[in-house]
1. Looking only at region 1-60, how many residues end up being closer than 20 Å to residue 80 by Cβ, surrounded by 11 or more Cβ atoms within 10 Å (Cβ to Cβ), of a type in the set (Gly, Ala, Ser) and in contact (Cβ under 8 Å) with a residue 40 or more places away in the chain?
2. Right, residue 76: surrounded by 11 or more Cβ atoms within 10 Å (Cβ to Cβ), of a type in the set (S, T, N, Q) and touching a residue at least 24 places away in the same chain (Cβ under 8 Å) or not?
3. Counting only residues that are not β-branched (Val, Ile, Thr) and not in a helix (DSSP H, G or I), how many does region 23-48 have?
4. From 134, 146, grab the single residue that is modelled with pLDDT of 90 or more and either out of contact with any Gly (no Cβ under 6 Å at 6 or more places or on another chain) or not assigned by TED's automatic domain parsing to the domain that holds residue 78 (or both).
5. What residue, of 80, 54, 20, is basic (Lys, Arg) and not in a helix (DSSP H, G or I)?
6. Can you give me the number of residues within region 61-73 that are assigned to a helix (DSSP H, G or I) and buried (at least 18 other Cβ atoms within 10 Å of the Cβ)?
7. Kindly check whether there is at least one residue in region 90-103 that is over 18 Å from residue 26 (Cβ atoms) and among the polar types (S, T, N, Q).
8. When both residues are 6+ apart or on different chains and their Cβ atoms are under 6 Å apart, which pairs have a first residue that lies in region 92-113 and is under 18 Å from residue 80 (Cβ atoms) and assigned by TED's automatic domain parsing to the domain that holds residue 57, and a second that is among the charged types (D, E, K, R) and assigned to a strand (DSSP E or B)?
Amino acid sequence: MAAKHIDFFEFNNSIFSMIREISHKIDLLLQDTANELGITPLQLKMIITLYSNRDKAVSIGSLGKAIGITGGNISNICKRLEKQGFVNRVRSEEDERVVNVMLTKDGEKAAKMVDDYFQKIKEDIPEDGIDVNLQTIVDELEALELLLDKYIYRSGLDG
């Protein structure tokens, strides 16, 4: 029997619902560490993103794009994190319109706290296949992104 194709609206509804739920659950998992640091889960996501890219300059714009926050909002969040000592903002030498953000030592400590927290949680879960399952999820999400890129290209929205 041939596999039934999923209806477009069912697909969209499923994806939107899953994205909201996943984001909410990640926020719940980050909440304790964020509270301990005196920041919000969104600010902690920024710190995690910066830590993942710590070997290169990250502009405020690319940071905002990475976590889905617009220009003015991301700038304000960066200002707050800078006041709290988690990040430094530095103008690019190549283009003074660009402001790069980097973690301070306290920002790196905050990111490591998140890693320690997740390692502790992971210890309480049976090991069989966690890393394999997580990699499969990442691979499938990358495949979905490629599929959506093809749809965007075909529709002419990529220009």
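1. Result for region 1-60: 1.
2. no
3. 1
4. Just a single option satisfies the conditions, and that option is 146.
5. Exactly one residue qualifies, and that residue is 54.
6. Filtering region 61-73 for residues assigned to a helix (DSSP H, G or I) gives 61-67, 71-73.
Then drop every residue that is not buried (at least 18 other Cβ atoms within 10 Å of the Cβ), which leaves 63-64.
Residues meeting the conditions: 2.
7. Yes: region 90-103 contains one or more residues that are over 18 Å from residue 26 (Cβ atoms) and among the polar types (S, T, N, Q).
8. 99/89; 99/91; 101/89
The values are calculated or read from the model by the stated rules, or taken from the named source; none is laboratory data. The model shown is predicted, which means the values in this text are computed figures rather than measured ones. Backbone-built Cβ (ideal geometry, glycine too); neighbour counts: all protein chains shown.
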